[in-house]
1. Hey, got the dipole for segment 92-148? About the Cα centre, +1 on K and R Cβ, -1 on D and E Cβ, debye to the nearest 20?
2. Among I110, L43, S143, flag the residue with its Cα farthest along the positive direction of the charge dipole of segment 43-148, charges on Cβ as +1 for Lys/Arg and -1 for Asp/Glu.
3. Between Y56 and H123, what length comes free when the chain is fully extended (0.36 nm per residue of separation minus the Cα-Cα distance, one decimal in nm)?
4. Which aspartates and glutamates have a Cα lying under 17 Å from the Cα of K142, excluding residues fewer than 8 positions away in the same chain?
5. In segment 21-96, what GluC sites (Glu not before Pro) fall in a loop by DSSP, with at most 15 other Cβ atoms inside 10 Å?
6. Would you give the gap between the C-alpha center of segment 47-73 and the C-alpha center of segment 104-148, rounded to a whole Å?
7. Restrict the search to segment 107-148; then list the GluC sites (Glu not before Pro) that DSSP places in a loop and that have at most 12 other Cβ atoms within 10 Å of their Cβ.
Amino acid sequence: MKTTIKMTAGLVLASIILSACSQKQEGTIKDQLKDPSQQEEVLTFMAENHELGQKYIAKMMENDHATGMMVDELVTAAANDTILAGKLSTMITGYPELMLLTTHHFMPVIANDSLLSDTFCDHTLEHENLEMTMHEKMEYRKSLEQNH
């Protein structure tokens with residue numbers, strides 16, 4: 001009987017301890033992340049762990065605010081870092097639809113700023129194929145206007 005009582009008491013005590021531990025675990029992550037050193041540790045781990053980093057990026061891509069933050073940070077960083085700007089430019093050129101969409105959005109900005117317009121024209125003229133293509137397109141449009 002004493003053995004049964006001891007075993008029952010032990011099981012009850014173990015159950016209480018496990019229950020308390022599991023309940024405490026639920027709230028501790030948020031509490032731990034209030035500590036800046038813990039935040040840094042978690043962020044470093046996520047940045048260095050490829051699989052976890054991909055999951056975090058995927059989660060951020062599901063959130064409009066987070067996506068906007070990522071784009072803002074990337075553009076700001078690229079504006080101040082020619083190496084990053086080059087990498088970004090190289091990646092964008094791999095997606096012609098994105099390149100066309102980007103160009104479509106930038107043209108009104110370029111058209112409204114004389115310095116940007118001059119710079120754009122200078123860069124365009126540096127690329128003979130692009131210069132010739134634009135010239136042919138303009139000549140073709142002129143010929144259409146003359147025929148009407």
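Nothing in this text is a laboratory measurement; each read-out follows from the coordinates by a stated rule. Values in this document were obtained by computation on a predicted structure and should not be read as measured data. Cβ atoms come from the backbone with ideal geometry, glycine included; neighbour counts cover every protein chain shown.
1. On the way: 3 positive and 10 negative charges, 51 e Å.
Computed charge dipole of segment 92-148: roughly 240 debye.
2. Result: L43.
3. Extra length from Y56 to H123 when fully extended: 20.3 nm.
4. Once the sequence-local aspartates and glutamates are set aside, what remains near K142 is E131.
5. Numbers: sites: E26, E40, E41, E48, E51, E62, E73; in loops: E62.
Sparse-neighbourhood loop GluC sites (Glu not before Pro): E62.
6. 37
7. Loop-located and lightly packed - E126.
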